[in-house]
Structure formats: C-alpha cells, structure tokens
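Engineer: This is the structure, below, for whatever I ask next.
The values are calculated or read from the model by the stated rules, or taken from the named source; none is laboratory data. What you are looking at is a predicted structure, and each value in this text was computed from that prediction instead of being measured. Note: ideal-geometry Cβ built from the backbone for every residue, glycine included; neighbour counts use all protein chains shown. Note: accessible area is taken over every heavy atom of the protein model, side chains too, but ligands, DNA and RNA are not part of it. Shrake-Rupley method; radii C 1.70, N 1.55, O 1.52, S 1.80 Å.
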Amino acid sequence: MLKTFAKGGIHPPENKFSADKKVERLPIPKKVSVPVSQHIGAPSKVIVKKGDIVKTGQLIAEQSGFVSANIHSPVSGKVFKIDLVTDTSGYRHQAIIINVEGDEWDEKIDRSEDLKRDFDFSSEQIIKKIQQAGIVGLGGATFPSHIKLMPPKDTKAEILIINGVECEPYLTSDHRLMLEKGEEILVGIQILMKALRVEKASIGIENNKQDAIYNLKKLVKNYKNIDIVSLKVQYPQGGEKQLIKAITGREVSSGALPIVVGAVVHNVGTAYAVYEAVQKNKALIERVVTITGKSVTKPGNYLVRFGTPIKDLIDAAGGLPEDTGKIIGGGPMMGKALNTTDIPIAKGTSGILILPKEESKRREVKPCIRCAKCIEVCPMGLEPYLLMTLAEKAMHERSEKEDVMDCIECGSCSYTCPSDRPLLDYIRLGKTQVGAMRRAKSMK
Amino acid sequence: MNGVVIATIITISSVGIIAAIILYWASQKFKVFEDPRIDEVEDALPSANCGGCGFPGCRPFAEACVKADDFEDLYCPVGGNETMMAVAKVLGKKVSEKAKMVAVMKCNGATQFRKKHTEYDGALNCTIQHNLYGGETACQYGCLGLGECVDACGFDAMYMDPETELPVIIEDMCTACGACVEACPKDIIELRPVGKKSKRIFVSCVSHEKAGPSKKACSVACIGCGLCFKECKYDAIKIENVLAYIDPIKCVLCRKCVVVCPTSAIWEVNFPARKVKPTIEKKTKLTEIKEIDLIKTAKENSKKDNKTE
Amino acid sequence: MLKLIVSLSPHQLGKNSVEKLMYGVIIALIPMLIASVWFYGWGAIVVSLTAVISAIVFEFLISKYILKIGNTIGDGSAALTGLLLAFNLPSNLPIWLIIIGVFVAIVIGKMSFGGLGNNPFNPALVGRVFLLISWPVQMTSWPIPSPASEKFLGYTDVVTGSTLLGQMSEAMRNGESMKVFSDRIPNYFEILTGSVGGSIGEIAGFVLIAGFVYMLARKVITWHIPISILSTVFIFSGILWLVNPEKFIIPFFHLFSGGMLFSAIFMATDYVTSPMSKKGQIVFGVGIGILTIVIRIWGAFPEGVSFAILLMNATVPIINMYMKPKRFGETIKEK
C-alpha cells in the first residue's frame, strides 16, 4: 500500500507530454525584463540605474525586509531602463529591463559542469549563501528559502522533506531535474540537512515517475540518511501539509507552520538551486520551465534565464497554436492565467501551459444540488459550498469561523463540482476579505 | 353537548388569561430601561439601515446620537442636513450644516475608448477579478464593469450601462451613503459635494499610469500633462502621481480646465450650455465674452459659497 | 490579435455534471422498473410514464414561464422526481391521482422553493405523503403481484390486498402474537424476490440492492445514509424483539418489508435534502431508522419510512450546522 495523505483529493488526467523530453537550454533573448517582486513578501530594492553595465549573476536588486529575496542579473549587458512591466500577477510592477550584450559571467561563479560532492561550511554559512543567492521556493509558492532554514527558537526541525511530487498535471520540470541532476539534488539535500541540523531527509515522489524513483534510489546508496518515498498518485499531494501527512503521518494544525511537527519542506528544484549556490557560487538566475499543452507541437523542458518573455519559450516549442484560448503560468490546477505573451518568466514559473479554446471556457453555472462532493474531495476538511455562500453574502466573520483561511486553494472543489460552480473563486474572495478584516483588527 | 362547548370556552379563556398574566409579569420583571429619546431619534431617521453613517443601522446611530455630546462625527448622509436638524431638535442640541455629497464615477473608460485585450471568464464579481489581474483592458486602474457597486447600492441609484459597460449614478436617487465607494475594489467612486445647483467639475480618471501607456490603454485617460493645472487660477487642481485632482472646495466651476484637457478626462456636470459631456471632436472654442461671463458668475458663486460656509 | 481568456484556477474541470448524477440514479432504477412490469404488468409502466411525463411538463412550464430561469428539464432532476414518486405508488393508481401527486411534488415540493437545490423536503416524498393522507384507500390497496404476470392484466382490474406491514399493524391491534404472525407470512427469500404486494418500488429487494451497488460503483452516492438507516432499523427493532418477542416482530421483517430498502437507498440519499458531511449523514440515517420503527410500531400508519425521511429532512440544516467534517489538523489542535 503506497503512502498518501488522509482525506480528500482528486485524480485529474496527468497529461505529462513532456516527461521524456530532455532539458534544453533556451537561447538568451535580446532584452530581458526582470521583475523586482518574484517572491512572496516585500519587493526587492533596485540597486542599479539606467546605463549600468551588469554581468550575469551580479546582484541587481537586494532584499528589502525580512520576507524578501535578492535578485541577480540573469544576463550580461546594459540596464536599458527601470519601468513598469506586466508580470505574472497580471498587474504592472517595477522591473529592470536589460539589453543583452554577450554573456559575461561574474568571476566568482564556477561554470563547470563537474559534480562537487564535498563541502565544508557551517550551518550559518550555508544559510547566508542561500540568502545571498536569492533562492526562493521553486515549487511555485516562491517563499524565500533561507527563512525556512531558520526555525523559530522554541522549535526544532527533525526531518527534511523534499517535495518531488509534482502532482500538477502537465508539468514535468521537477521530474526531469530528478532524472538529469539526481546527484546534484542529493548533494543539495545534504547541504540543506546540514543547514537545518537534521539527521533525516525523505524525498517524496509520486508513483507515476517510476524512472525518477529508480534513478534516485540507485544514487542514494552513496548518501546517508536520505530515503526515497514513493507515493500514491493523488492531487494535491504536493501541498506542504498534505506531503508532511503522507510521509510522516503528522498533521499540521490550522494556521501553524510545518515546523511545529518538526518538518521542513523544500522542493527538489530548490535543492538543486541550493547545490548551485553553495558549491558553485551561482545565484538563482535560471530555472527549468516546462512548456506544454495538448495543441503544442513540440512540448519540452527548457532551462530559461529569468526575464525571458514567455513568447520566446512558446516559439521554441513550435509557436502559439491557432486555437489557443488560455496561457497558464504553472499547472492547470493552481497556475495563473496570463494576459499577454510578453510576461517575463520569473522564479515561480514552473511551467507554461497552453490550453486550446474549447478547454479554456468555464461551463455554465448551475444551482448547487448539495451533493457534498466538494466536501468529499477537500483535502483540508472544509465545506467549500458553505464558504462560497458565505463569501457571496459577505458574511466574513462566519467564514472565518468556518476555517476559510485553511484553504490551500488546490481547486479540487471547483474541479469536482457537478454544477460547475466557481467555488474557489468565491473562497478566494472570502480569504482576501477575512485577511483584510484580520489586518484591520490587528491595526486597532 | 352544551357542556363541551362551555368547557371549551372556559378552558380557552382561562389559558388566555393565565398567559396574559405571565406575559405582563415578564414584561414588568425583565424591563430594560431605554432612553425614550432613542425611539424619537430613530423616528426622525430615514430607516434605510444602509450603514452610511458608519453604524450597523439606524437604531445604533440613534443610540450614538443620544449619547454623543456633539454631532461633529455623526452624520446621516441619507437624510442630510434636514434629518440632522430634526435629530438635533429632538435632543435639544446644535448641529453644523455639512455639504451634501453625491457619488461620482471617476472612470470614463467606455468600451469604445478602451479596447479589450483579454476575456475574463469566471465569477461575476469585481473583487475576484481585481485579485486575479488588472482587467480585460490594458488599463489596470479602470472600471472592471461587473457592477459590484450596483449590487451594493441600496437605493437603486445605480445601473450598468450595457453600451459603455460602466455603472451610471442617478444623481437624484444617490444618498451618498458610501456603499458603492466601499464596494469598488479599484477605488473609482468618490463622494464629492453636490455643488452649487448640482454643478460639478471633476477628473473622470484614476489612472496613475504614465502618459504613454495610459493613452495607449484608454483614449480618455488623464495623462497627467498638467495643462489644467496651468490653466487653473484658483489653485484647485493638483497633479499627483501622473493624475490630476480637482479640489471640490477650491473649485469655482469656471470650466476652463474642461476645455484645455486634451483627452476630455475632465467632466462637467449639470452645466446649462452642454449637459452632455463634450467628446473629443466637440472641443468648441468658447467666445471671449462667454468666458468672462463665466468667470464672473463663478466668482460670484464662490463668494456666495464662502458666505454660507 | 489573439484574445486570451483569463480566469482563476483551476483551469481544468472534472467530468462530473448534474445530468450524469441524475441519470446515474435513473439507470439504477431501470432494473426495478423491469421487475415491476414482470410482477404487476403494464400498470407499472403506465404509472411510471405518467409520473415522469407530467413531472417534466410541470417543471418545464414553471421554470420557463413563472420562475423564468430558463428550461431546466435537461438536468434530469424532474424526470427523476417523477420516477421516484411513481415507485412509491401502487401500480393501479388512477391517472388523475398520479398527476395530482406529481403536481404537489414538483410545484409545491420543489419549484415553489426556487427549483433544484433549494427545496428542504424530498419532493417525491412530499407528493407521496400528500396522496397518502388525502386518498388513503387508493394509496394502500395494492394489486397482488403475480410472477411473470400470467395474464398481463388490465390497468385497474386486479384483486387488491394489503401489505405485510398493514397485516402486521392489524395483527398488533388485535393483540395477536408476533410469533404466530411471522409464521404465516411468506419467507424472506420470497419477500426479496417479489411475491408480496406493495408500491412499485417495494417489490424485489434483490434488484434494489443491485441498483445500490451500481450507484456506489459509479460514485453517485456514498454508503453512509443507506447503511446507517438499515443498521439502525435492524439494531433498534432487534432490541425490541429481544425484550419481548411476543409483542415485537423479528428485525429482518422490518428490514425487508414495505418501502424500507427502496427509501433507504433511493429516497433518503436525495442530494438536496440530505446532510453534507459524512458524520451528519450517519446521524441523519440513524434518525430515520429510529423514527421509522417508532411510527411502524406505535404510529397510526402501518408504514413510516416516508414520514421519517420527511421529518429528518427538516433537521438537515441543524445537522449541517453542527456536524462538520473533520478539519485537517483538528486532532492535534485539541490535544
């Protein structure tokens, strides 16, 4: 019996078209626009100005608060201007636009492909390096990684969980990374274990990635205290709380951080980025992005510098199909629909999914028949039908009592609803309103 | 048979009497003293329970009125000065008059001025769309057109114009309760003083975008060019963050700024000559005489305004 | 220029739909319809067709011309209500009575609350109970089933008899010993394979159980409500039987007689009028079980399951209020 999380969950069609496509390097574009808010938290502070010459890997915007991250130049060239650019949030935000000239790297970076296993850094040094490299959670949440490595005083980390679940349909970037950079990921995990001072690490991988499990199981023999856990295919297993439940059997209670049950979760992509930052001094300037979709002629996985417009990636995959209805940054369950093809790829973009027109439209909304299927599939044990009604009627105090803030926005409820009701739309509304209410209360 | 009827009558009447006694006893025993003036104040209020005063309804507002020493912070926007006078009369207090307000819609991005680039598909709720992205057009500040303000309005003072896809405020019905202002996630609606003879001049745009992208997104956007600022002799216009704002108190309604605005973003309402908002083509040159007249009347108006204040 | 569609996630939708769920239940009912034709002849078909067609017509007229919510008959819920009501009627009921029953079910029981999803009571049961109270004679005289329906008799031209439950309550009223009574009724295999009179849906328990299994496999319903009703009925009547076997009949009788199986599987599991959480569904089922036995033994009507379901329907909002699904991480919070 394979492990999985306790309640709810769905199994959407996997559609992993690009699973067997090797990661290729996408050519550097002529111009990149690097948004200054690629992570959760405060936008970074720009430290370059118009006309500055920057090198690849050079710091161009620095952390501006506790929850924030450094941003490095993904290319070398001249800063063209600092302007507003539409980013994945759908709004125009500040971005650094750089005209690319050659590809000259910062001297400190080790650009060789050789594997470097040994390291001799203290926990603090590692965390500092990760912080300087501007590493954020690459699973999509983009939470600055160094903060997760510094557990609060009264808690202690016991286990490091590496998320290689990739439960989103279509996406394969983590899968490819585990296949091609298995050893680097394992070294990265060792570094993270050292930083956290934990003795144990588990890599959770869903059972549909047999080759990745096989590859890592073969490699892991040389590394101590890391085990590979294959998990039953079930969405949303990649959710932090669900993954902890699946691997350790512990439940993180409402509003608490995973550290209270002694677990810290990082993505495999993050582990790889940590390896590069610590062993090669390379800051986070590129990532593996999946470009996929049913109508895409050449779905694939590309190593893309941040700031590259998604247009370039789509062109590399054979151009935008005729019948395109929707372009999604991320997977189909939690990704964000993008409004133009000029949006730059940022730290959180794990994939670009192109949906044909007939799959893009929502279906007609019918009345709720109270079939309770949304309750059945909710992995957090909430009542989506009720939360939607409460949000519609603006009864935000009641929805706070009904634990609306526990919602992880996995979309299982909207997916499963036979009446095609926009459950998650309204639950999100409820969450923003309750959040605003809480902020207003704490101000008083 | 008779016995049954009599017995029924007796039982039912005695039940009634006993119940009456219990009810009377309970009403005496559990009586809560309430200031009778609260009821009187409540009667004077419009009973709309709209929450425009900042209280949950008319009764809590009445209670607050009775408790309060002065009416500085208490104002019923629906009833206006008359109601507040009536309330003050009940309580024997004095109340200062406040300018009557009306909601104005500060986005003129009708479909013909603002092209749609994307198509929103989802729950028809402005806040939800606002949380998702900037909107169907290239302007991320403008009206989303899903009518959350119309739903919020408790006085039927708003409707959606199907042609422009913008909400329209019916002035005569608007009570300035502020429900729409609160409902709008883009902060487009503003409460402004009604003004002399309901005449108002305001900038119908909230875009902080720079001139280039702003004009690209919407042909009637305020581009922050500053022409109106230069034109205004009364220091009523300020430009902040590439957006002009007309101070309703300082404005003397001279209408000069309306003429100079290159994008027709400044609106004039309820002026005699042109009731309809001038379109870009209709930028007619006003004759000298008329202009002087206008300034004169405007000055007089402002004097009168100052006096009443 | 390409106009992209933008919406919130999820961008992928499942294959569930209201139609699929409703037709799933209807498919599960079809074997039952065939069985009832086998036992009761064409009467069963006439009753079912009348009910389904009139339900669709009423729903169409009201949704289109009175509520103006567009045509809603496509979702299959009206047809299902009609069919469920028909299965609660004797197969020789006059057509005008069926139409009145459907009118009450659809117009009063469902559409007056605003249509699908808004009705607090199971509309088919509202129709049935209305008929049962208003025309008790017609509603409680059943044709005697004749396997393979030797004659395929004419519509109302049959010998009628009372149900097992009717016989039981009469025996109880006469102070007859239940031990003696249970000796003269047919054995349970015969009851389950349909040799005892009753409503269309009360015959042939085996077919019902097959329908139940089908709906479980298709995930149309979950097991919680039917199983909790049946086990409560079994346990509660079992306790009574253990206390006094002279006065109370053995629990199997309650389980397999009358509309017990049909109502537990098809009527109580109606989505709209049953609780949302699993815990709530079990409470709901237990309530129905207890009320059914209470009405059957001490009530004025021989059959109580319809009343029990309607009574428990009324408690659904309260059950929903207090029976919350187990939240993730809840157990730890309490520790």
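Engineer: Across the stretch A:333-444, how many lysine pairs, 8 or more positions apart or on different chains, have C-alpha atoms separated by under 19 Å? Please give the number.
Structural biologist: 10
Engineer: Compute from the Cα atoms of the stretch C:218-277 the Rg and the Dmax, the latter being the longest Cα-Cα distance, and quote both in angstrom.
Structural biologist: Cα-based Rg and Dmax for the stretch C:218-277 come out at 13.5, 43 Å.
Engineer: Here's another thing I want to ask about it. Mind grabbing the accessible area of C:ARG128 for me, 1.4 Å probe, Å², rounded to tens?
Structural biologist: 10
Engineer: Per 5 Å bin from zero, what fraction in whole % of the C-alpha pairs of the stretch C:18-139 is there, up to the bin with the longest pair?
Structural biologist: 2, 12, 23, 24, 20, 12, 5, 1, 0
Engineer: Something else now. So for chain A, averaging the separation of alpha carbon pairs under 8 Å that are six or more residues apart and normalising by length, what relative contact order in percent results? Mind dumping the intermediate values first?
Structural biologist: Details: 1014 pairs, mean separation 85.1, N = 444.
The normalised contact order for chain A reaches 19 percent.
Engineer: Would you list, by chain and number, the lysines whose Cα falls below 16 Å from the Cα of A:LYS298, excluding same-chain residues fewer than 8 positions away?
Structural biologist: A:LYS16, A:LYS21, A:LYS22, A:LYS311
Engineer: Could you put B:GLU231, A:GLU124 in order of accessible surface area, largest first, with the 1.4 Å probe and the full protein assembly present? Let's see the in-between values first.
Structural biologist: Values: B:GLU231 60, A:GLU124 110 Å².
Final ranking, largest accessible area leading: A:GLU124, B:GLU231.
Engineer: How much of the DSSP bridge set in chain A is antiparallel, in percent, rounded to the nearest 5?
Structural biologist: Once the DSSP bridges in chain A are tallied, antiparallel ones form about 60 percent.
Engineer: Let me check the size of the stretch C:157-322 from its C-alpha atoms; what are the radius of gyration and Dmax in Å?
Structural biologist: 15.9, 51
Engineer: Can you give me the Cα centroid spacing of the stretch B:123-141 and the stretch C:53-83 in angstrom?
Structural biologist: Centre-to-centre distance over Cα atoms comes out at 36 Å.
Engineer: Which one, A:THR416, A:GLY381, A:GLY430, projects farthest toward the positive side of the charge dipole computed for the stretch A:373-442 from Cβ point charges (K/R +1, D/E -1)?
Structural biologist: It is A:GLY430.
Engineer: With helices defined as uninterrupted DSSP H runs, which ones in chain C have an alpha carbon span along their own long axis of at least 20 Å and mean Kyte-Doolittle hydropathy of at least -1.0? All intermediate terms of the calculation are to be shown ahead of the outcome.
Structural biologist: Values: long enough: C:18-40 (32 Å, 1.67); C:42-61 (28 Å, 2.09); C:224-243 (28 Å, 1.94); C:278-298 (30 Å, 1.30); C:305-322 (24 Å, 1.57).
Length and hydropathy pass: C:18-40, C:42-61, C:224-243, C:278-298, C:305-322.
Engineer: Just the number: Rg to Rh for chain A, Cα atoms, Kirkwood Rh, two decimals. Before the final figure, lay out each step's value.
Structural biologist: Details: Rg = 21.4 Å, Rh = 22.5 Å.
Across chain A, the Cα-based Rg/Rh ratio is 0.95.
Engineer: Which far-off residues, 5 or more places away or on another chain, put their amide H under 5 Å from the one on B:ALA236, with H placed in the peptide plane?
Structural biologist: Close amide H contacts, sequence-distant or interchain: none at all.
Engineer: If you find the alpha carbon centre of the stretch A:350-395 and of the stretch A:76-110, how far apart are they in angstrom?
Structural biologist: 38
Engineer: Counting alpha carbon pairs within less than 8 Å and at least 6 residues apart, what relative contact order, in whole percent, applies to chain C? Don't skip to the answer; put the middle values down first.
Structural biologist: On the way: 521 pairs, mean separation 58.2, N = 335.
Rounded, it is 17 percent for chain C.
Engineer: Among C:PHE307, C:ILE235, C:LEU208, whose Cα projects farthest towards the positive end of the dipole of the stretch C:157-322, with charges put on the beta-carbon of Lys, Arg (+1) and Asp, Glu (-1)?
Structural biologist: C:ILE235
Engineer: Moving to a separate point now. In what order, largest first, do A:ARG197, C:ARG296 sit by accessible area if the probe radius is 1.4 Å? Mind dumping the intermediate values first?
Structural biologist: Working: A:ARG197 145, C:ARG296 0 Å².
In descending accessible area the options line up as A:ARG197, C:ARG296.
Engineer: Now, a different point. Please compute the average number of Cβ atoms from other chains found within 10 Å of each residue's Cβ in peptide B:39-52. Walk me through the numbers before you get to the answer.
Structural biologist: Numbers: counts 0, 0, 0, 0, 0, 0, 0, 0, 0, 0, 0, 0, 0, 0.
Across the residues of B:39-52, the mean count of other-chain Cβ atoms within 10 Å is 0.
Engineer: Taking only the alpha carbons of the protein assembly as shown, what extent do you get along each of the three principal axes, in Å, biggest first?
Structural biologist: Computed over the Cα atoms, the extents are 104, 89, 59 Å.
Engineer: Right, here's the next one. Counting each pair of different Cα atoms once, what's the Kirkwood radius of the stretch A:373-442 in Å, rounded to one decimal? Walk me through the numbers on the way to the answer.
Structural biologist: Working: mean 1/r = 0.0847 Å⁻¹.
Final number for the Kirkwood radius of the stretch A:373-442 is 11.8 Å.
Engineer: For the stretch A:123-280, report the accessible area per residue in Å² (1.4 Å probe, heavy atoms, rounded to an integer). Kindly include the intermediate steps, with their values, before the conclusion.
Structural biologist: Working: 5250 Å² over 158 residues.
Result: 33 Å² of accessible area for each residue.
Engineer: Going by a 4.7 Å Cβ-Cβ cut-off, which cysteines of chain A have no partner at all?
Structural biologist: Cys with no partner Cβ under 4.7 Å: A:CYS167, A:CYS368, A:CYS371, A:CYS378, A:CYS407, A:CYS410, A:CYS417.
Engineer: Using only atoms on other chains, find how many Cβ atoms lie within 10 Å of each Cβ of peptide A:328-340 and report the average.
Structural biologist: Partner-chain Cβ atoms within 10 Å, mean over residues of A:328-340: 5.
Engineer: Listed here are the pairs B:LYS67/B:LYS98; A:LYS153/A:LYS245; B:LYS115/B:LYS197; which of them are more than 26 Å apart at the Cα?
Structural biologist: Details: B:LYS67/B:LYS98 21 Å; A:LYS153/A:LYS245 24 Å; B:LYS115/B:LYS197 36 Å.
Cα-Cα > 26 Å for B:LYS115/B:LYS197; rest within.
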